[in-house]
1. State all residues of the stretch 274-294 that are aliphatic (A, V, I, L, M) and in a loop (DSSP other than H, G, I, E, B); if no residue qualifies, say none.
2. If the requirement is being under 46 Å from the mean Cα position of the chain (by Cα) and not charged (D, E, K, R), which of these qualifies: Ser146, Ser122?
3. Which residues, counting only those in the stretch 120-132, are touching a residue at least 60 places away in the same chain (Cβ under 8 Å) and either farther than 23 Å from Arg181 by Cβ or not in a loop (DSSP other than H, G, I, E, B) (or both)?
4. Quick one: which residue in Ala147, Ala192 is surrounded by fewer than 24 Cβ atoms within 10 Å (Cβ to Cβ), touching a residue at least 12 places away in the same chain (Cβ under 8 Å) and under 15 Å from Leu102 (Cα atoms)?
5. Looking at the stretch 374-387, which of its residues are open to solvent by less than 40 Å² (accessible area, probe 1.4 Å) and in contact (Cβ under 8 Å) with a residue 60 or more places away in the chain?
6. Quick test of your reading of the structure: Ala442 fulfils all but one of (1) open to solvent by less than 50 Å² (accessible area, probe 1.4 Å); (2) touching a helix residue (DSSP H, G or I) at 6+ places or on another chain (Cβ under 9 Å); (3) within 25 Å of Phe550 (Cβ to Cβ). Name the failing condition by number.
7. Please determine whether any residue of the stretch 7-26 is open to solvent by less than 50 Å² (accessible area, probe 1.4 Å), under 20 Å from Thr93 (Cα atoms), modelled with pLDDT of 80 or more and in contact with an Asp or Glu (Cβ under 9 Å, 6 or more places away or on another chain).
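The values are calculated or read from the model by the stated rules, or taken from the named source; none is laboratory data. A quick note: this is a predicted structure, and the numbers were derived from the prediction, not measured. FYI the Cβ positions are ideal-geometry reconstructions off the backbone, even for glycines, and counts take in every protein chain you see. Just so you know, the surface numbers come from the protein's heavy atoms only, side chains and all, with ligands and any DNA or RNA stripped out. Shrake-Rupley method; radii C 1.70, N 1.55, O 1.52, S 1.80 Å.
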Amino acid sequence: MSDPTHRPAADDDAPPAVPTGPGDRLRLLERAATLVGTTLDLFRTAEELAAVAVSGFADVAVVELLDPVLRGEAPAPGPVDARTAVRRAAVATADGVGVHGLRPAGDAWVPRFGSPHARALSDLRPRLVPRLTADDDWLAGEPEVSALTGDHGAHSMIAVPLTVRGVPLGLVSFYRVGEHRAFGDEGVAQAAGLAAFAAVCLDNARRYAREKALARLVQHTLVPHRLPAHVAAETAWAYQPVAAGGSWFDVVPVSGARIACVVGEVAGHGMPAVSLMGQVSTAVAALCAVDLDPVEILRRVHDLVVTSTTGRSTLTADGPRPEGLTVGCVLAFYDPVSAQCTVLRAGHPAPTVLLPGGRTAVIDAPAGPALGGQGEPSYPVTRVTLPAASVLALHTASLPAPGDALRRALDVAGDDLDKTCDSVLTETFPDGPRDDAILFLARTRVLGDDRTHAWPLPNRAESAAEARRVTARQLAEWGLDELIPSTQLLVSELVTNGVRYSGGDIELRLIVRENTLSCEVTDSGSAAPTLRRAQDDDEGGRGLFLVAQFTLDWGVRPNSRGKTIWTEQLLPGREQDEAED
């Protein structure tokens with residue numbers, strides 16, 4: 001077998017030389033420093049390496065990478081096993097070089113044992129073939145190089161492993177064709193220097209690819225995989241997490257049969273953005289669940305973002321970004337009793353609504369600053385009435401207002417919200433989105449007398465007895481006789497507290513949900529009651545303790561009048577885990 005690394009004797013008739021002096025080596029590295037590694041994309045970096053190589057050094061340049069590198073993984077240090085495949089990442093030819101038929105990017109192949117490619121990978125040292133001839137034995141196993149030699153006049157090559165700290169990433173091969181002088185030792189030095197610099201850039205891109213893969217995995221675990229069924233609305237969503245960003249959506253059941261719908265996104269990508277998304281989404285859900293005022297929710301989350309991102313930086317596809325991350329977010333609270341939707345925006349697109357008659361509109365809700373951004377964290381509140389069967393659409397900034405597309409998709413899908421979401425994204429992004437895309441839809445419901453009833457009560461002691469009477473009558477109409485004793489005790493205690501600690505009328509409201517009965521008492525008092533344990537000789541203080549014992553959950557929410565104390569009881573025949581859905 002002929003030795004592919006042999007060096008022939010000097011030949012006076014050799015082709016003209018390509019400059020390979022020290023100055024040329026420096027200029028090659030200067031071009032590489034400017035043009036290679038401009039992004040953190042592996043294939044783009046490989047293309048930049050190949051392009052620099054054919055701009056004065058080689059006539060053909062081919063970059064191959066190991067599959068683990070393309071997945072963001074670091075191969076084991078040391079030589080590569082002879083049976084390991086490499087995958088084409090980039091190929092380039094110099095201007096005027098008519099080479100065709102080379103493997104395209106993405107193709108995988110196994111270098112033949114004994115070839116310069118296999119030898120370079122086996123000991124991680126460059127291999128020079130100063131004279132390629134058609135009768136070289138190893139060419140029989142590598143038809144691409146054989147065609148370069150026989151059909152296109154390639155006469156010399158260098159195969160250089162791409163390594164960083166002893167870890168192999170792949171291989172770059174350089175070829176000269178036609179009348180250019182064959183590669184020599186100086187060419188090997190140039191090729192090795194170029195490969196060493198490019199390997200560092202490729203390793204940076206590999207680490208970014210790994211971080212992106214991990215971020216997508218974490219992102220997948222943080223977003224809801226199913227949403228709870230709710231009496232307030234039918235919901236559906238489409239989620240395309242293509243960029244490992246910090247986009248999320250959620251639906252949080254809150255007291256009074258209401259729901260809080262949220263869509264948000266962090267202005268960044270990778271683990272820092274996904275980590276911040278996890279913090280913000282958890283905080284928003286928790287603050288909604290405890291009935292905090294919507295404006296206060298956004299203000300508190302704004303402070304959380306400022307605290308979490310101060311002094312941090314994130315690695316993006318365009319390089320590190322040192323400034324603090326910001327979060328765009330839209331909150332929509334929908335009340336199925338009043339049919340009122342309350343919308344707040346923090347640097348995020350406004351929701352779109354499709355009304356039952358087919359008219360679409362973007363809700364005119366003024367926006368406050370992005371969470372964590374510059375400016376006073378002031379978030380205007382917008383309230384609109386949504387008739388039953390209205391479709392509310394919340395979406396990320398990557399998706400334009402989906403009004404017309406939403407109407408067309410609903411017509412085609414026959415009111416199937418899941419199919420509608422998919423159709424809107426397909427129409428908007430026929431080639432797929434380039435950034436994370438979320439479309440969340442909620443078809444509203446309005447509760448009638450068969451699900452809710454309210455009574456105004458005067459602020460006097462006799463109102464507690466009146467509350468017990470109307471409660472028993474209404475529960476009997478609903479067929480909930482089993483809950484009459486416990487509910488009478490609850491309304492009696494809550495109305496008595498309202499009479500004692502507030503002025504003005506009191507309102508009692510009962511709401512039947514999927515699995516629970518809600519009881520609400522609203523008064524003008526602003527002080528929230530506290531649960532305490534009374535001593536044996538105390539004459540009072542046991543009311544809220546009894547409330548807590550008879551209910552699945554209870555709480556207090558502020559409102560424009562004062563406060564509302566609410567309780568929830570399981571409906572007969574329901575289990576607690578059903579209520580938690």
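1. Val290, Leu292
2. Answer to the selection: Ser122.
3. Scanning the stretch 120-132 gives Arg127, Leu128, Val129.
4. The match here is Ala147.
5. Pro377, Tyr379
6. (3)
7. Of the stretch 7-26, the ones open to solvent by less than 50 Å² (accessible area, probe 1.4 Å) are 14-15, 18, 20-21, 23-24.
Adding the requirement that they be under 20 Å from Thr93 (Cα atoms) leaves 15, 18, 20, 24.
Going one step further and asking which of them are modelled with pLDDT of 80 or more, we end up with none.
No, the stretch 7-26 contains no residue that is open to solvent by less than 50 Å² (accessible area, probe 1.4 Å), under 20 Å from Thr93 (Cα atoms), modelled with pLDDT of 80 or more and in contact with an Asp or Glu (Cβ under 9 Å, 6 or more places away or on another chain).
The rows are residues; the columns are (1) in contact with a helix residue (DSSP H, G or I) (Cβ under 8 Å, 6 or more places away or on another chain); (2) in a helix (DSSP H, G or I).
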| site | (1), (2) |
| --- | --- |
| Ala147 | no, yes |
| Pro161 | yes, no |
| Arg181 | no, no |
| Ala198 | yes, yes |
| Arg206 | yes, yes |
| Ala209 | yes, yes |
